[in-house]
Amino acid sequence: MFVSFFFQAEDGIRDLVRSRGLGDVYKRQSLHCAYIAYIALVSLGAWGSKAWWVLLWVGVVSFSTVYLGHHWVIDILAGYFFAVDACLLAWLGRRILLKRQALKGLPAA
């Protein structure tokens, strides 16, 4: 159930009432905001406070996505959740890779 909630973006809900007149498919998480949030998290991790301007970009895209009626606010929050999960998985994968290289005596990349 949990997995199907977040990964039905292409299927969506076929209900005219819940789609707010946006067609017959009401999508779940906002990948518009997920991609930009992921870029923001990576930028902040790489450049620190020098990348503060990327947060403005996230705010503008999030506002316009709701204002133009593409998604609900909860969809944007689900997109942020998706981006944070992707960053955590990438971080965990890198950490595991570095530990394996250290055990084999290989230099860290």
Quick one: A51 ticks every box in (1) out of contact with any helix residue (DSSP H, G or I) (no Cβ under 7 Å at 6 or more places or on another chain); (2) surrounded by 16 or more Cβ atoms within 10 Å (Cβ to Cβ) bar one, so which box is it? (1)
Report every pair of residues separated by at least 6 positions or lying on different chains whose Cβ atoms are under 6 Å apart, first residue within the range 81-109 and surrounded by 10 or more Cβ atoms within 10 Å (Cβ to Cβ), second in a helix (DSSP H, G or I). F82/A34; A83/A34; A83/A37; A83/Y38; A86/Y38; C87/L41
Could you list, in sequence order, the residues of the range 83-109 that are farther than 18 Å from L44 by Cα and either within 19 Å of the chain's Cα centre (by Cα) or of a type in the set (D, E, K, R) (or both)? G93, R95, K99, R100, K104
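Here's the yes/no breakdown for (1) at pLDDT 90 or above; (2) small (G, A, S):
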position: V60; (1), (2): yes, no
position: Y67; (1), (2): no, no
position: I74; (1), (2): no, no
position: F82; (1), (2): yes, no
position: A86; (1), (2): yes, yes
position: A90; (1), (2): yes, yes
position: K99; (1), (2): no, no
Subset tally (residues that are at pLDDT 90 or above and either farther than 18 Å from D85 by Cα or not in a helix (DSSP H, G or I) (or both)) for the range 4-47: 1
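The values are calculated or read from the model by the stated rules, or taken from the named source; none is laboratory data. These figures come from a predicted structure and were not determined experimentally. Every residue, glycine as well, gets a Cβ built from its backbone with ideal geometry; the counts of neighbours run over all protein chains shown.
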